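The values are calculated or read from the model by the stated rules, or taken from the named source; none is laboratory data. Worth saying up front: this structure is predicted, and the values here are computed from it rather than measured. When we count neighbours, we look across all protein chains shown, and the Cβ atoms used for this are built from the backbone with ideal geometry, even at glycine. Surface accessibility is based on the protein's heavy atoms, side chains included, excluding ligands, DNA and RNA. Shrake-Rupley method; radii C 1.70, N 1.55, O 1.52, S 1.80 Å.
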Amino acid sequence: MFYNEKTGPLKKELFSSLRELQVSSTELKNRKGIRILEIGAGSGANMEYYPENTKLTVVEPNPFFKEHLESTVKKFPGVELERYLITGAEDMKDIPDHSVDAVVSTSVLCSANDVQGIYKEIRRVLVPGGRYFFMDHVIDPRPSLLKLTQVFLGSLGIFQLFLNGCRPDKDIKRELEKGGFAQLDAKQFRLNLKGGVPLRYSVLYFVLPHIYGSATTALQ
């Protein structure tokens, strides 16, 4: 997929620290494993970045992706899909408190109606000191024609109509800063689309600014 090709090197950098996380389960410590919850995993674009002995739970509101994800996971024997929950991330009541070592979401919060509600749930399900890994497109932080266009398209609902509720004008970084995490490390980047893009991905010109990084919960 074209978008994954453009973001792949940064995803590899981002998820490399998954192997360094302190995990909560003695069993997984002995096996050098980790328990990950991914929000909006789609067809499984992030599976290749997960370490060996990953126990994976997926929260996905669209049941269409389940078969595709299961097919992808089979290509990565180091990843075990433990649970697949068809629900929204704003209400993950079927996932116990402090039960996962890491939460992952990439390019999904642009469609969320209640971002703070999602962050609250992420903090609840993470173990103390657990980490939330993210990558999202954001509103252009600079005064620009692109920023005006993003606001215009978002306010008219054009993106939401054709792209499953996605808004190009969300300030995800600001939402993260209000999200209640003990530590936040967010870096900015812009998609490099020099040389052009296939017509079907032309929408990417409207979402060039991105952030990626991680947020850590309090130890207690």
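Which whole-number value in Å³ per residue fits the convex hull of the alpha carbons of the chain?
122
What 222 nm value per residue comes from the helices of the chain, counting each DSSP H run with n ≥ 4 as -39,500 (n - 2.57) and dividing by all residues, nearest 500 deg cm²/dmol? Before the final figure, lay out the partial values.
Numbers: 7 runs with 61 residues, N = 220.
It comes out at -7500 deg cm²/dmol, rounded to the nearest 500.
Which value, in Å², gives the accessible area per residue of the chain when a 1.4 Å probe is used on the protein heavy atoms?
52
Looking at this model, which pairs from Lys55/Lys173; Lys75/Lys147; Lys74/Lys147 are more than 31 angstrom apart at the alpha-carbon?
Details: Lys55/Lys173 28 Å; Lys75/Lys147 40 Å; Lys74/Lys147 41 Å.
The pairs that break the limit, which is 31 Å between Cα atoms, are Lys75/Lys147; Lys74/Lys147.
Could you pull out the trypsin sites (Lys or Arg not before Pro) across segment 103-202 that fall in loop regions by DSSP (anything but H, G, I, E, B) with no more than 15 other Cβ atoms inside 10 Å?
Answer by residue number: Lys178, Lys194.
Using modelled amide H (1.01 Å from N, peptide plane; none on Pro or chain starts), what sits under 5 Å from the amide H of Gly40, excluding residues fewer than 5 places away?
So Gly40 has HN proximity to Val59, Glu60.
Output the Kirkwood hydrodynamic radius of segment 1-126, Cα pairs only, in Å rounded to one decimal.
Result for segment 1-126, one decimal place: 14.9 Å.
Per residue of segment 183-198, in order, report the coupling 6.51 cos²θ - 1.76 cosθ + 1.60 (Karplus, θ = phi - 60°) as ³J(HN,Hα) in whole Hz, putting x for Gly and Pro.
These are the phi-based 3J(HN,Hα) values: 9, 9, 10, 10, 10, 9, 7, 10, 4, 8, 10, 4, x, x, 9, x Hz.
Checking the a/c ratio against 1.5 first, then a/b against b/c, what shape does the Cα gyration tensor give for segment 121-220? Intermediate results must be reported in sequence, preceding the final value.
Numbers: a/c = 2.26, a/b = 1.99, b/c = 1.13.
Prolate, because a/c is 1.5 or more and a/b exceeds b/c.
In percent, how large is the relative contact order of segment 131-220, given Cα pairs closer than 8 Å and 6 or more residues apart?
It comes to 44 percent, rounded to a whole number.
Please give me, ordered by residue number, the trypsin sites (Lys or Arg not before Pro) of segment 1-92 that lie in loop per DSSP and have at most 15 other Cβ atoms within 10 Å.
Here the trypsin sites (Lys or Arg not before Pro) that fit, given the DSSP loop and packing criteria, are Arg31, Lys32, Lys74, Lys75.
For the chain, what is the relative contact order in percent, using Cα pairs closer than 8 Å and at least 6 residues apart in sequence?
19
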